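Asker: Below: one structure in structure tokens.
The values are calculated or read from the model by the stated rules, or taken from the named source; none is laboratory data. Values in this document were obtained by computation on a predicted structure and should not be read as measured data. Here the Cβ positions follow ideal geometry from the backbone for every residue, glycine too, while neighbour counts run over all protein chains shown.
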Amino acid sequence: MQKNQPKVCLNLEFKRFMGGIFYKNIGTGVLSSYKNQMAILANRKIQFTEDTCDKDYNIIHINLMAPLALYYIKRDRRKGRKIISYAHNTPEDFKNVFRFSNLVEPLFKKFLVYMHNRVDIVICPSEYTKSLMDKHGIKTPLIAMSNAVDTKKYAFDEKKRIAGRKKYNLKNVTVFSVGLVLPRKSPNTMIKMAEKFPESDFVWFGKIYSGLLAKKLPKKLPGNIQFTGFVDDIQEAFSSGDIFVFPSFEENEGMVILEAAAAGKPIVVRDIPAYEGWLKHGENCFKAKNEQEFEKYVGMLIGDEKLREKMGRQALKLAQNNSLQKIGERLEKIYSNLLENS
């Protein structure tokens, strides 16, 4: 292998531990990003491995700051390898996830800062995350770059739409969301809208955690909303719905937004800092500042098929601008710059 030719080690701690129990039937953004990295490297014919004992790689991606990551960082630094970490998590998005999150957040913050300050580059999924990393005292060079989206994997499929609508008994205009059912994601916003629009169907696709880990859903739900739990066929889920709503209070990027965009769905999100610059209100999405505005924009889309089609087309352009190919070009340049300066 030539000196400036990259061979990348992709690392996601716990990916294989106990048969992958920590990622099985969950559908996290970290795992989606990791799979996108694999696809990018394969598409661009860049050598890569998942074996941290491989002797030939010269760049490592640390996707999760966990106990073994510190060992890999120190070992690979001694071997002269370049180290890239991903800011998939921040102290801000760690809060209000599980019941214990807020208690351990101060320690989590110190650990993240310590770890990210020991790598060569930190890739942040948005300018917002980059600003948080800077604010928290990370001195390592920061690069804002989307986690990308596989536009083929999430493309709208008519056959899957028919199958999905039959499976979930969807007969009306369908408002849907995708993600873990956690307080930070605000499932209550969807529940309130289901009450407001009884003639529409509402679906939330995503894992539901035990009440021991996260706040339970209300016992009584409107008859027109369902929470499916984890779904195996995510393309079927995206194809089945008509209006994608993502009411989360805190994100670093929100990869499901790009996935919904790749399916050509109109998008309504909460107006939060993570979306500044790339999500544009009235152009490729609607941004709601409060529950009333969620109802306003969702109501507009429910009642106007042409508006749904228009916003869906604009959303698709957004996904194409953040495709595996586009982000792959940027990632390859990062590798070149790292190795040229070694």
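Asker: Does residue 272 qualify as being surrounded by fewer than 23 Cβ atoms within 10 Å (Cβ to Cβ) and in the same structural domain as residue 143 (by TED's automatic domain parsing)?
Answerer: Details: surrounded by fewer than 23 Cβ atoms within 10 Å (Cβ to Cβ): yes; in the same structural domain as residue 143 (by TED's automatic domain parsing): no.
Spelling it out, it is not the case that residue 272 is surrounded by fewer than 23 Cβ atoms within 10 Å (Cβ to Cβ) and in the same structural domain as residue 143 (by TED's automatic domain parsing).
Asker: Within the range 113-201, considering only strands (runs of 3 or more DSSP E) that don't extend past its boundaries, which have at least 2 residues that are in the same structural domain as residue 63 (by TED's automatic domain parsing)?
Answerer: Once the strands (runs of 3 or more DSSP E) in the range 113-201 are filtered for at least 2 residues that are in the same structural domain as residue 63 (by TED's automatic domain parsing), what remains is 121-124, 142-144.
Asker: Any residue at all in the range 137-144 that's of a type outside the set (Val, Ile, Thr) and either crowded, with 20+ Cβ neighbours inside 10 Å or touching a Cys at 6+ places or on another chain (Cβ under 6 Å) (or both)? Walk me through it before giving the result.
Answerer: Step one: of the range 137-144, the residues of a type outside the set (Val, Ile, Thr) are 137, 139, 141-142, 144.
Checking the rest, the ones that are also either crowded, with 20+ Cβ neighbours inside 10 Å or touching a Cys at 6+ places or on another chain (Cβ under 6 Å) (or both) come to 142, 144.
Within the range 137-144, one or more residues are of a type outside the set (Val, Ile, Thr) and either crowded, with 20+ Cβ neighbours inside 10 Å or touching a Cys at 6+ places or on another chain (Cβ under 6 Å) (or both).
Asker: Mind checking which residues of the range 44-77 are basic (Lys, Arg) and not in a loop (DSSP other than H, G, I, E, B)?
Answerer: Correct list: 74, 75, 77.
Okay, residues lined up against (1) touching a helix residue (DSSP H, G or I) at 6+ places or on another chain (Cβ under 7 Å); (2) crowded, with 21+ Cβ neighbours inside 10 Å:
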site: 196; (1), (2): yes, no
site: 203; (1), (2): no, yes
site: 206; (1), (2): no, yes
site: 216; (1), (2): no, no
site: 221; (1), (2): yes, no
site: 230; (1), (2): no, no
site: 238; (1), (2): yes, yes
site: 246; (1), (2): yes, yes
site: 250; (1), (2): yes, no
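Asker: Can you report the number of residues in the range 53-67 which are surrounded by fewer than 16 Cβ atoms within 10 Å (Cβ to Cβ) and either over 23 Å from the mean Cα position of the chain (by Cα) or among the charged types (D, E, K, R) (or both)?
Answerer: Total satisfying the criteria: 4.
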